[in-house]
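J.: Before I ask anything, here is the structure I am working with.
Computed from the coordinates by the stated procedures, all read-outs in this text should not be read as laboratory data. Just so you know, these numbers come straight off a predicted model, no measurement behind them. In this analysis, Cβ positions are derived from the backbone assuming ideal geometry, glycine residues included, and neighbour counts consider all displayed protein chains.
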Amino acid sequence: MDDKTYVFEGKTTNEAIEKGLKELKTTKYKVDIKVLEDEEKKTFFSILATKVVKVEMKFKEGMTKKEEKQEPMDVTQVIQELKKFMEDFLANLPTKGLNYEIKPEGNLIKIDIKDDKAAYLIGYRGETLNSLQSILANIASNDKQEKVRILLNISNYREKREQDLKTLANKIAESVTRNKKSITLEPMIAYDRKIVHSVLQEHEKVKTYSIGKEPYRKVVVSLK
C-alpha cells in the first residue's frame, strides 16, 4: 500500500484536486483529500498576492498509486528455499502425499496446496493458513534487499473467502445505506481488508476506512 502523502496546488480547490487526481492517475473515491489552504480564507496581504490553494492527498487503505512496470527480480534462490521448507513441512504432517505448486509472478510468489485433505491447515477463517504464509514470507525476505511477497492458498480457500467477503461487503453497504449507521467489521488481515475496500471503493453512498492496529485492524463502512 502507498502510505505517502502528496500535496498539490491550484488557483481553486477544484483545480488543485483535479491536478492531483490526474497526476496520481486515480479517482477521488480512492484517496483522502484535505484542504491545507482554503481559497475562501483571505487576508490583506493575501489579496495582493497570487491566490494559491493547496490540497493534501493520501491513498486510502487498499488503494495504490499506479506505478511503471518494473523488471521482475530473480527469485530462483528464494524458490529453492521455499521448496526446501515446504518439503520438510509437508513430510512431517500426519497427512502424507500432499502436493503443492510454486508459481512466481514478478516479486509475488504464489504457493498452492490444492489437495482437499489439507483443508485442516486453513484453520478458523484462515488463521492457520495466514500464520503459515507469514512464516513463508519471512523465509522469502530473509537477508534480501528486495521485498518478495508470498500468497499461500490451500484447497481454493482464497477464492471462496474472496467471494464471501464481496457478498458481505455489499450486504453491509445496503445495511449502512438503509439504517444510516456505520458498521465496524471484525478484525481482518490486510489481504481481506483490501478486498472489502476494493468492492466498495466506488460505491455511491458509502465509504470505507480502517481503524486499530494489527492484528486487530478493522474495516469501518459508513455513509459518505
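J.: Trypsin sites (Lys or Arg not before Pro), restricted to the range 142-223: which are DSSP loop and have at most 14 other Cβ atoms within 10 Å?
T.: Taking the range 142-223 and a limit of 14 other Cβ atoms within 10 Å, the loop trypsin sites (Lys or Arg not before Pro) found are Lys144, Lys147, Lys180, Lys181, Lys205, Lys213.
J.: Sort Tyr124, Tyr216 so the one with the fewest other Cβ atoms within 10 Å of its own Cβ comes first.
T.: Ranking Tyr124, Tyr216 by Cβ neighbours within 10 Å, fewest first, gives Tyr124, Tyr216.
J.: Along the charge dipole of the chain, Cβ charges K/R +1 and D/E -1, which of Asn156, Val78, Val31 sits furthest on the positive end?
T.: Val31
J.: So for the pair Thr177, Val220, with labels modelled 7 Å out along Cα→Cβ, what separation do we get in nm?
T.: Output for this residue pair reads 2.2 nm.
J.: Let me ask something else. Quick one: length gained pulling Glu9 to Ile135 fully straight, 0.36 nm per residue minus the C-alpha distance?
T.: Extending this stretch completely gives an extra 40.9 nm.
J.: Among Ile111, Ile139, which comes first, then next, by fewest other beta-carbon atoms within 10 Å?
T.: Fewest to most other Cβ atoms nearby, the residues stand as Ile139, Ile111.
J.: If you take every DSSP beta bridge whose two residues both sit in the chain, what share of them, in percent to the nearest 5, is antiparallel?
T.: 80 percent
J.: Would you kindly state the longest site-free stretch of the chain, with sites defined as GluC sites (Glu not before Pro) in a DSSP loop (not H, G, I, E, B) surrounded by at most 15 other Cβ atoms within 10 Å?
T.: 69-145
J.: While we're here: When N counts the residues of the range 112-224, how does its alpha-carbon radius of gyration compare numerically with 2.2 N^0.38 Å, as a ratio?
T.: In units of the globular-protein estimate, the range 112-224 measures up at 1.22.
J.: Shifting gears a bit: In what sequence do Ser222, Ser210 fall when counting other Cβ within 10 Å, fewest first?
T.: Ser222, Ser210
J.: Roughly how big is the chain's charge dipole about its Cα centre, with Cβ charges of +1 (Lys, Arg) and -1 (Asp, Glu), in debye to the nearest 20?
T.: With only Lys, Arg, Asp and Glu charged at Cβ, the dipole is about 860 debye.
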